[in-house]
1. Residue by residue through the stretch 14-46, note down the ones that are modelled with pLDDT under 85 and closer than 17 Å to residue 62 by Cβ.
2. Filter the stretch 151-186 down to the residues that are within 15 Å of residue 118 (Cα to Cα) and open to solvent by 70 Å² or more (accessible area, probe 1.4 Å) and list them by number.
3. For residues that are out of contact with any Asp or Glu (no Cβ under 8 Å at 6 or more places or on another chain) and either at positive phi or surrounded by fewer than 16 Cβ atoms within 10 Å (Cβ to Cβ) (or both), tally how many sit in the stretch 76-96.
4. If we keep just the residues of the stretch 1-26 that are farther than 12 Å from residue 91 by Cβ and not in a strand (DSSP E or B), which is most open to solvent (accessible area, probe 1.4 Å)?
5. Tally up the residues in the stretch 187-198 that are open to solvent by 50 Å² or more (accessible area, probe 1.4 Å) and more than 15 Å from the chain's Cα centre (by Cα), please.
6. Residue under question is residue 54, and the condition is that it be modelled with pLDDT of 85 or more, over 22 Å from residue 185 (Cα atoms) and of a type in the set (D, E, K, R); does it hold?
7. Where the second residue is open to solvent by 70 Å² or more (accessible area, probe 1.4 Å) and the first is farther than 16 Å from residue 55 by Cβ and lies in the stretch 81-96, which pairs have Cβ atoms under 7 Å and are six or more apart or on separate chains?
8. Does any residue in the stretch 171-198 that is touching a residue at least 24 places away in the same chain (Cβ under 8 Å) and more than 13 Å from residue 10 (Cα to Cα) come within less than 6 Å, Cβ to Cβ, of a residue that is of a type in the set (Asp, Glu) and open to solvent by 100 Å² or more (accessible area, probe 1.4 Å) six or more places away or on a different chain, and which pairs are these?
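The values are calculated or read from the model by the stated rules, or taken from the named source; none is laboratory data. Since the structure is predicted, the reported quantities are computational estimates derived from the model, not experimental observations. Glycine also receives a Cβ, built like all others from the backbone with ideal geometry; neighbour counts cover every protein chain displayed. The protein model used for the area step is the full one, side chains on, heavy atoms only, and it has no ligands, DNA or RNA in it. Shrake-Rupley method; radii C 1.70, N 1.55, O 1.52, S 1.80 Å.
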Amino acid sequence: MFLERLMVIVEMRRRVAYRRLTVRNVIACENGVGGYATRALTGWSGDMQAIPVKAIFGCCVEAAPGGRPGDPPAVDLRFPEPLRKGERHEFVSLACDEDLDAERHWINVAVDYGGIAPSVVDSEGRVIRGLSVSVTFDDCVPEACWWYAEQDERERMVSPPVGDGRLLEIRRGAVEHTFVGTCRPQKEYGIAFRWARS
């Protein structure tokens, strides 16, 4: 399958990613596409942690078999009916955990399947194709935010210099970015932050 649109909306509590709502619009590349395998990962303290996933719209959650030892468990977001080649489907999932305490340094999207289409925005400014990431902060707002594309964990933590186009403005406690080009499979995209030193 190919992702026509992927919208990731994250709510932060202090420096922790509390809730992650994900809206996906997919196109089946073959007949019989029955679902979407995913993992809900959060935190960054050297290890990533799995958090619960809930189906909100257009899918139901089932445990996925297999996986490598040490990997967080995967889930299948199953569609009501298998898709036929060329058929489109929208579905929404939510990852949420009130017990997390790992400080977050970025919101990452690992691109899988056939990639994500280049962005298209309608006349009202809504993203109708492509990858869009938004983060809402509570009273704990980072010193700086920037978007990254196809960088490893070390590279994405380097804050761009003042005036760089990757720096993002935090408006009313929120930051967002829509990636312009095609997001390639097996690559990672997202928004990174720098917190004030405690």
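1. Scanning the stretch 14-46 gives 38, 39, 40.
2. 180, 182, 184
3. 7
4. So, considering only residues that are farther than 12 Å from residue 91 by Cβ and not in a strand (DSSP E or B), the one most open to solvent (accessible area, probe 1.4 Å) is 14.
5. 3
6. Answer is yes for this residue.
7. Short answer, once both residue conditions are applied: 84/31; 85/29; 85/30; 85/31.
8. Filtered contacts from the stretch 171-198: 194/143; 196/143.
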